Amino acid sequence: MRPYEIKDIRLAPSGRQKIDWVRCNMPLLRGLEEEFKKTKPFAGIKISLSIHMEAKTAYLCEVLAAGGAEMSVTGSNSLSTQDDVAAALAAAGMKVYAVHGADSEEYARHLEFSLEHKPNIIIDDGGDLVGLIHTKRPDLGEDVWGGCEETTTGVIRLQAMEKQGVLRFPMVAVNDAKCKHFFDNRYGTGQSVWTAIMENTNLIVAGKTVVVGGYGWCGKGIAMRGKALGAKVIVTEIDPVCAVEAVMDGFDVMPMEEAAPLGDFFITATGCNQVITVEHMKRMKERAILANAGHFNVEVDMPSLEKEAVEKKELRANIMGYRLDNGKWICVMAEGKLVNIAAGNGHPAEIMDMSFAVQALSALYVKEHYKTLQNKVYDVSGEIDSLIAGRKLSAWGIEIDRLTEEQKRYLSSWDL
């Protein structure tokens with residue numbers, strides 16, 4: 001096996017500085033790291049991980065390694081890979097296969113490299129590792145006991161596999177844990193998406209009209225932060241329940257076709273493809289800005305835009321301009337990829353502290369229970385959510401009420 005494939009090992013000191021910074025701001029993972037050092041719960045176990053290769057992910061890798069795991073890691077999006085962070089992990093002796101800006105062939109090769117050590121546990125973000133095992137390289141999954149999935153898109157793919165009866169091993173839907181999607185998807189996405197947009201455009205949000213495609217947990221966070229920044233927010237949805245919720249939260253709701261001429265910023269967060277089509281773009285304002293916050297770059301129809309644009313040029317770092325045949329310019333951020341991480345630093349460290357604590361404990365759950373689990377998608381146990389939330393409050397120095405014995409008896413009784 002290749003020990004690593006990265007851009008330049010000499011970048012390691014910069015990456016180490018980033019990892020050390022986030023470590024100071026991730027108390028839940030620090031606590032797990034100390035526990036794992038003592039108990040070595042992953043001793044002799046191989047873990048393959050594919051998550052955005054940046055500092056917070058790197059620290060998760062080091063926490064698992066502290067527990068004895070043999071780690072082999074790659075990124076889940078070539079534009080989100082930070083070369084200095086990858087170098088820092090490689091310099092520390094970890095198997096790392098990730099390069100910023102890798103093309104599709106290189107990206108696929110790195111996925112395969114990360115699986116070559118025949119893992120027992122998979123930690124995935126978007127389902128690329130699991131998908132590779134189930135399609136082109138089933139031989140690389142012969143020793144897999146199970147795994148964990150980080151994001152909505154990946155869980156959707158896994159559920160489809162389970163429904164079709166092709167899922168080869170159990171997977172834990174980390175994304176659906178309360179301590180993940182309540183906070184990571186909503187507050188993390190809400191802040192990091194707008195941070196990336198504002199830093200890369202250098203434009204004001206107040207007074208603008210923002211169109212948010214999808215009102216799931218990520219869409220809720222994006223809309224909430226857009227409103228807080230002074231924008232008028234329009235939501236597009238296919239789910240009537242989510243649409244009702246958006247209306248009651250104070251947002252306008254309409255089809256994308258109607259919203260297209262109104263928006264200054266368009267942000268997709270649905271997990272589905274072709275949310276914004278070229279026909280929508282033709283109805284947009286001059287220099288409307290399009291960004292995607294879904295895992296894959298399919299929500300903005302980039303292939304059709306590339307085909308139909310009569311001119312293309314880079315307008316600013318991470319912003320590509322496309323002139324349509326009607327003369328209007330459309331601005332697309334980060335090639336339609338996940339804007340907050342492809343054109344920014346991703347979620348705040350304190351948010352990912354919770355999400356990655358769920359990952360670490362879910363990986364431990366797989367290790368301890370895989371012999372009795374079926375080839376299904378499992379929810380994270382309520383005990384893990386409660387443990388993480390309790391530790392988060394403790395890290396903040398916050399105490400909450402606890403039920404008395406009398407209250408417990410009252411709540412468990414029916415003949416009051």
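Below are the figures for this structure:
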quantity: Selection status of Arg283, open to solvent by 70 Å² or more (accessible area, probe 1.4 Å), at positive phi and touching a residue at least 12 places away in the same chain (Cβ under 8 Å); calculated: no
quantity: Single unsatisfied condition, Val96 versus (1) under 17 Å from the mean Cα position of the chain (by Cα); (2) part of a strand (DSSP E or B); (3) of a type in the set (A, V, I, L, M, F, W, C); calculated: (1)
quantity: Selection from the range 99-136 of residues that are under 14 Å from Leu167 (Cα atoms) and part of a loop (DSSP other than H, G, I, E, B); calculated: Gly127, Thr135
quantity: Failed condition for Val212, given (1) out of contact with any Leu (no Cβ under 9 Å at 6 or more places or on another chain); (2) part of a helix (DSSP H, G or I); (3) open to solvent by less than 10 Å² (accessible area, probe 1.4 Å); calculated: (2)
quantity: Lone unmet requirement of (1) in contact with a Lys or Arg (Cβ under 8 Å, 6 or more places away or on another chain); (2) of a type outside the set (S, T, N, Q); (3) over 30 Å from Phe36 (Cβ atoms); (4) touching a residue at least 60 places away in the same chain (Cβ under 8 Å) for Met354; calculated: (3)
quantity: Check on Ala357, within 14 Å of Tyr59 (Cα to Cα), of a type outside the set (S, T, N, Q) and open to solvent by less than 10 Å² (accessible area, probe 1.4 Å); calculated: yes
quantity: Selected residue (only one of Ser76, Ser80 is at pLDDT below 95 and more than 24 Å from Leu361 (Cα to Cα)); calculated: Ser80
quantity: Total residues in the range 5-20, condition under 26 Å from Asp353 (Cα atoms) and either within 24 Å of the chain's Cα centre (by Cα) or among the hydrophobic types (A, V, I, L, M, F, W, C) (or both); calculated: 10
quantity: All positions within the range 55-70 that are crowded, with 24+ Cβ neighbours inside 10 Å and in a helix (DSSP H, G or I); calculated: Ala55, Lys56, Thr57, Ala58, Tyr59, Leu60, Cys61, Val63, Leu64
quantity: Test: Arg2 is modelled with pLDDT under 95 and either more than 22 Å from Glu149 (Cβ to Cβ) or in contact with a Ser or Thr (Cβ under 6 Å, 6 or more places away or on another chain) (or both); calculated: yes
quantity: Some residue of the range 327-346 being open to solvent by less than 50 Å² (accessible area, probe 1.4 Å), more than 30 Å from Gly101 (Cβ to Cβ) and not aromatic (Phe, Trp, Tyr); calculated: yes
quantity: Residue under evaluation Pro303, criteria (1) crowded, with 22+ Cβ neighbours inside 10 Å; (2) under 26 Å from the mean Cα position of the chain (by Cα); (3) modelled with pLDDT of 95 or more, criterion not met; calculated: (1)
quantity: Answer residue from the range 360-396, given it is basic (Lys, Arg) and open to solvent by 30 Å² or more (accessible area, probe 1.4 Å) and is farthest from Lys56 (Cα to Cα) among those; calculated: Lys371
quantity: Sole residue being crowded, with 24+ Cβ neighbours inside 10 Å, part of a helix (DSSP H, G or I) and touching a Leu at 6+ places or on another chain (Cβ under 9 Å), chosen from Val85, Val73; calculated: Val85
quantity: Test: residue in the range 162-169 that is in contact with a Gly (Cβ under 9 Å, 6 or more places away or on another chain) and open to solvent by 50 Å² or more (accessible area, probe 1.4 Å); calculated: yes
quantity: Inter-residue pairs, beta-carbon under 8 Å, first modelled with pLDDT of 95 or more and in the range 378-397, second exposed (fewer than 15 other Cβ atoms within 10 Å of the Cβ), 6+ apart; calculated: Leu393/Glu399; Leu393/Ile400
quantity: Residue match in the range 41-53 (condition: in contact with a helix residue (DSSP H, G or I) (Cβ under 6 Å, 6 or more places away or on another chain), touching a residue at least 60 places away in the same chain (Cβ under 8 Å) and closer than 19 Å to Ile388 by Cα); calculated: yes
quantity: Residue satisfying condition, being of a type in the set (Asp, Glu) and open to solvent by less than 20 Å² (accessible area, probe 1.4 Å), within set Asp124, Asp143; calculated: Asp124
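The values are calculated or read from the model by the stated rules, or taken from the named source; none is laboratory data. Note that the coordinates shown come from a computational prediction; the quantities given were computed from them, not determined experimentally. For neighbour counting, all protein chains shown are included, and Cβ atoms are generated from backbone atoms with ideal geometry for every residue, glycine included. Calculation scope for accessible area: heavy atoms of the full protein, side chains included, ligands and nucleic acids excluded. Shrake-Rupley method; radii C 1.70, N 1.55, O 1.52, S 1.80 Å.
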